[in-house]
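What follows is a set of notes on a single structure, which appears directly below.
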Amino acid sequence: MSDETAEASPAPPVTAKGMPTLAAAYGATSAESGLVSLTVARRVPKEDDVEIEIDFCGLCHSDVHATRGEWGAQSYPLVPGHEIVGRVRRVGSAVDDFVPGDLVGVGCLVDSCRECDSCLEGLEQYCERGNVGTYGVKDSRNGGAITQGGYSTSVVVDRRFVLRVPEGLDPAAAAPLLCAGITTYSPLRYFDVEEGDVVGVVGLGGLGHMAVKIAKAMGAQVVVFTTSDAKVEAAIELGADDVVLSKDPEAMEAANRTIDVIIDTVAAPHDLNPYFRTLRLNGALFQLGLPPTDMPPVSPGALIRRRLSYAGSLIGGIAETQEMLDFCAEHGVVSEVEVVTARQLNEAYDRMVAGDVKYRFVLDTKTLQPPSEKADI
Ligand code: NAP
Ligand code: ZN
Ligand code: ZN
């Protein structure tokens with residue numbers, strides 16, 4: 001075992017010397033390859049870096065879109081994963097807010113310009129110069145390397161982008177909070193959801209089920225819109241107050257003018273106009289799903305007649321993500337997860353596309369094959 005992989009707790013601070021750590025990983029080598037075993041070289045922690053031994057990483061539908069090239073050209077090999085939970089292994093010499101052994105998380109962001117108005121407001125996800133995503137993005141502060149995500153045994157991230165996971169949260173069930181949790185928490189907060197509001201959640205997958213739990217914890221009434229007969233009862237078990245089978249026009253009609261804000265998490269193109277009809281005056285529909293192809297057009301009349309807003313929202317900033325983790329710890333909110341092994345990843349992707357997941361797959365990184373002696377990336 002080399003110095004870089006040796007277990008050391010507590011470890012002394014490090015300076016940027018030595019060899020990169022070879023980490024086991026799973027990722028795609030092309031849009032058609034599916035996920036295969038890979039070895040990633042993780043940089044030696046610089047003075048502001050935190051090296052994290054990853055325990056769990058959630059599988060987001062965005063990982064499917066990205067690895068399969070559905071959002072356009074990608075740089076391969078590509079290791080996905082941006083719902084990372086693990087323990088700090090060692091820290092750079094200037095890091096004094098994390099120590100080895102801390103339970104931490106990394107979400108969808110590992111850097112941003114840190115200077116633009118968005119970054120200064122804590123909205124790093126909307127960085128005007130482009131945020132640095134956890135995978136598949138050029139990392140200019142680290143030699144222009146392409147970032148590689150959390151389906152891996154370790155990762156090195158600047159301390160500014162490392163979240164503290166409250167110890168009371170189960171690590172596997174907390175992992176999906178790092179994307180599904182914050183992506184739904186942020187628009188609910190932006191809309192100021194509070195007791196008495198009625199929140200509609202469209203699509204009961206990873207994001208959708210977190211939206212149900214978080215909106216309930218905020219005191220709202222929640223109505224789930226699902227395409228799946230099998231999820232009608234399941235939605236109530238999750239805490240929804242009502243469920244509408246969206247393919248039933250009469251059920252949709254009955255929901256007209258009953259909702260204040262809709263969180264739409266559907267991963268495929270679909271007609272939004274029936275959902276606008278369910279909104280009350282001044283209502284809003286936040287589109288979170290990012291389907292690979294265009295959606296049917298939105299009818300302007302539907303928006304105008306009740307002063308509705310049609311909005312988008314992208315994950316959340318670092319401070320808000322920490323706020324969400326603390327909120328979830330306070331309210332006992334975690335994800336409903338099915339923990340999978342590395343060998344089950346491809347099947348899990350197919351099941352996610354088929355809507356067959358309750359409600360988030362999470363990779364147990366202990367099941368990754370050991371790294372090879374030479375890095376693939
Ligand atoms: P997911 O777990 O696969 O859930 C998506 C749900 O959408 C399904 O469970 C299904 O729910 C519903 N759905 C209805 N028709 C569908 C169809 N034809 N194909 C697929 N799903 C269909 O996905 P997720 O991880 O929650 O992600 C949802 C979307 O949000 C993805 O497009 C993802 O890329 C995007 N996303 C956006 C952000 C952001 O910052 N805006 C962040 C993360 C993810 P029912 O069975 O209940 O109908
Ligand atoms: Zn995600
Ligand atoms: Zn910026």
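Computed from the coordinates by the stated procedures, all read-outs in this text should not be read as laboratory data. Model, not experiment: these values are computed from the prediction. Counting neighbours? That spans all protein chains shown, and the Cβs are built from the backbone with ideal geometry, glycine included.
Which shape class applies to the chain: rounded if a/c is under 1.5, otherwise prolate when a/b exceeds b/c and oblate if not, where a ≥ b ≥ c are the square roots of the Cα gyration tensor eigenvalues?
prolate
Given H placed 1.01 Å from N in the peptide plane, which residues other than close sequence neighbours of ALA25 have an amide H under 5 Å from its amide H?
LEU38, VAL40
Taking Rh as the Kirkwood radius computed over C-alpha pairs, what is the Stokes-Einstein D of segment 285-377 at 37 °C in a medium of viscosity 0.692 mPa s, expressed in µm² per second?
184 µm²/s
Cα to Cα, under 23 Å, and not fewer than 8 places away if on the same chain: which lysines meet these conditions relative to LYS231?
LYS213, LYS216, LYS247, LYS358
Apply the a/c threshold of 1.5 to the C-alpha gyration tensor of segment 181-312 and tell me whether it is rounded, prolate or oblate. Walk me through the intermediate numbers first.
Numbers: a/c = 1.27, a/b = 1.14, b/c = 1.11.
It is rounded, given that a/c, with a ≥ b ≥ c, falls under 1.5.
Given the options GLY72, GLY122, GLY58, which has the most mean-square fluctuation in a GNM of the chain, springs set between C-alpha atoms less than 10 angstrom apart?
Looking only at GLY72, GLY122, GLY58, the biggest GNM fluctuation is shown by GLY72.
Quick one: which residues, 5+ away or cross-chain, put their amide H under 5 Å from the amide H of HIS82? H built at 1.01 Å from N.
For HIS82, the qualifying residues are CYS60, GLY150.
Compute the Kirkwood hydrodynamic radius of segment 129-174, taking the inverse of the mean of 1/r over all pairs of distinct Cα atoms, and give it in Å to one decimal. Numbers along the way, then the final one.
Details: mean 1/r = 0.0802 Å⁻¹.
Taking every pair of different Cα atoms in segment 129-174, averaging 1/r and inverting gives 12.5 Å.
Suppose only helical runs count, i.e. DSSP H with n ≥ 4. What mean residue ellipticity at 222 nm does that imply for the chain under -39500 (n - 2.57) per run, divided by all residues and rounded to the nearest 500 deg cm²/dmol?
Value at 222 nm, helices only: -6000 deg cm²/dmol.
Taking amide H positions as placed 1.01 Å from N in the peptide plane, with prolines and chain starts having none, which residues 5 or more places from PHE361, or on another chain, fall under 5 Å of its amide H?
It is LEU59, GLU338, by chain and number.
Quick check: net charge around VAL104, other residues with Cβ under 12 Å of its Cβ, Lys/Arg +1 and Asp/Glu -1?
Around VAL104, the surrounding residues sum to -2.
Can you grab the distance from the C-alpha centre of segment 140-206 to the C-alpha centre of segment 258-316, Å, no decimals?
The two parts, judged by their Cα centres, are 22 Å apart.
Among the lysines, select those whose C-alpha is under 27 Å from the C-alpha of LYS46, and discard any that sit fewer than 8 residues away in the same chain.
Partners found: LYS17, LYS138, LYS366, LYS374.
What does the charge count near ASN131 come to, summing +1 for each Lys or Arg and -1 for each Asp or Glu among other residues with Cβ under 10 Å from its Cβ?
-2
Pick out which of CYS127, CYS57, CYS116 has the largest mean-square fluctuation in a Gaussian network model of the chain, springs linking Cα atoms closer than 10 Å.
CYS116
Just GLY150, GLY181, GLY136 to compare: in a GNM of the chain, with alpha carbon springs under 10 Å, which one fluctuates most?
GLY136
Give me the net charge of ALA25's neighbourhood, meaning all other residues with Cβ under 10 Å from the Cβ of ALA25; Lys, Arg count +1, Asp, Glu -1.
Here the count lands on 0.
Any idea what the dipole of the chain comes to, in debye rounded to 20, about its Cα centre with Lys/Arg Cβ at +1 and Asp/Glu Cβ at -1?
In total the dipole reaches around 620 debye.
Scan the chain and hand back the longest stretch that contains none of the trypsin sites (Lys or Arg not before Pro) lying in DSSP loops with at most 12 other Cβ atoms within 10 Å.
So the longest stretch without any such site is 18-246.
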